[in-house]
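Engineer: The structure follows.
None of the figures in this text is laboratory data; all of them are computed from the coordinates on show. Quantities reported herein were computed from a predicted structural model and do not represent experimental measurements. A quick note on method: Cβ atoms are made from the backbone with ideal geometry, for glycine too, and the neighbour counts reach across all protein chains shown.
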Amino acid sequence: MQSSITPTVRYSTAARWFHWLAFTAVALAYLFINLRGVFARGSAASKVPMQGHILFGLVVLVLVLPRLLHRLRNTPPPVVPPLAPWEALLSGLTHWALYAFLLVQPLLGLFTVWAGGALKVPFTALQIPSPLTADRALHEQLGSLHTTIGTVFYYVIGLHIAGALWHHFFRRDNTLRRML
Ligand code: HEM
Ligand code: HEM
């Protein structure tokens with residue numbers, strides 16, 4: 001039996017790195033897109049928000065596949081004391097929704113750009129040609145879906161963070177310590 005003096009079994013080192021790197025990249029992608037419009041149009045700085053957004057969004061995309069592979073091969077350590085079935089269900093649903101978001105949201109962003117033309121690799125002169133034929137209507141549809149999902153996930157991420165803090169400060173279990 002695990003007591004308060006037994007160190008908690010944490011997620012693997014790789015899982016913890018994946019989690020906190022992805023968190024940082026998502027937070028920076030949100031931060032940069034919210035800076036859009038802050039700098040004067042046509043100024044050198046005016047391109048930074050979208051380029052920063054795309055850069056950190058692509059970092060999320062690069063991290064997600066190895067992370068999912070690692071997750072499928074490694075079972076998370078147990079929560080002590082164990083969760084009630086409804087708690088396990090809610091956290092399981094939230095986690096898989098977050099994984100889906102980490103995969104789908106940057107892909108939607110990428111295809112939004114590609115529906116308008118080549119992807120300019122942020123802060124470089126490189127371009128990745130689009131596999132799509134340029135299509136203004138598709139560009140706008142994908143962009144608005146990407147924006148909607150981005151808005152909905154402010155709340156899902158908020159719920160996830162509130163859950164983590166609730167476990168730590170009110171339920172007083174090892175959920176958060178497993179991820180630190
Ligand atoms: C997890 C990663 C990402 C998140 C959380 C995210 C989130 C968002 C949000 C919330 C907006 C809407 C901002 C607003 O107008 O209020 C947005 C816009 C946009 N994002 Fe992303 N994004 C991500 C990744 C990407 C990637 C990888 C690309 C491109 C390669 C991209 C390209 C765009 C573009 C072009 C827009 C403007 C869409 C439009 O105004 O129609 N995003 N993103
Ligand atoms: C962009 C923001 C975030 C995303 C996308 C995200 C994503 C995820 C995902 C997908 C998992 C599931 C891990 C698994 O079992 O496979 C997870 C677990 C976890 N996250 Fe986050 N996370 C974010 C932010 C945060 C923050 C800010 C905190 C702390 C306040 C946090 C605390 C935790 C904890 C404690 C777990 C383990 C939960 C458990 O195993 O029951 N996360 N996160």
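Engineer: Roughly how big is the chain's charge dipole about its Cα centre, with Cβ charges of +1 (Lys, Arg) and -1 (Asp, Glu), in debye to the nearest 20? Can you show the working numbers first?
Structural biologist: Working: 14 positive and 4 negative charges, 81 e Å.
Roughly 380 debye for the chain.
Engineer: Next question. Just from the alpha-carbon atoms, what are the Rg and Dmax of the chain in angstroms?
Structural biologist: According to the Cα coordinates of the chain, Rg and Dmax are 19.3, 64 Å.
Engineer: Cα axis of helix 48-73 to longest principal axis of the chain: angle in degrees, 0 to 90, nearest 10?
Structural biologist: 40 degrees
Engineer: I've got another one for you. Calculate for the chain the 222 nm mean residue ellipticity that helices alone would give, adding -39,500 (n - 2.57) per DSSP H run of length 4 or more and normalising by residue count, nearest 500 deg cm²/dmol. Provide the component values of the computation, followed by the final result.
Structural biologist: Details: 4 runs with 109 residues, N = 180.
One gets -21500 deg cm²/dmol as the mean residue ellipticity at 222 nm.
Engineer: Between the alpha-carbon centers of the range 39-65 and the range 105-180, tell me the distance in whole angstrom.
Structural biologist: After rounding, the separation between the Cα centres reads 12 Å.
Engineer: Continuing with this model, one more query. Stick to the Cα atoms of the range 75-180, pair each with every other, and give me the Kirkwood hydrodynamic radius in Å at one decimal.
Structural biologist: Working: mean 1/r = 0.0607 Å⁻¹.
16.5 Å is the Kirkwood radius here.
Engineer: Which angle between 0 and 90 degrees, to the nearest 10, do you get for helix 85-114 versus the longest principal axis of the chain when only C-alpha atoms count?
Structural biologist: 20 degrees
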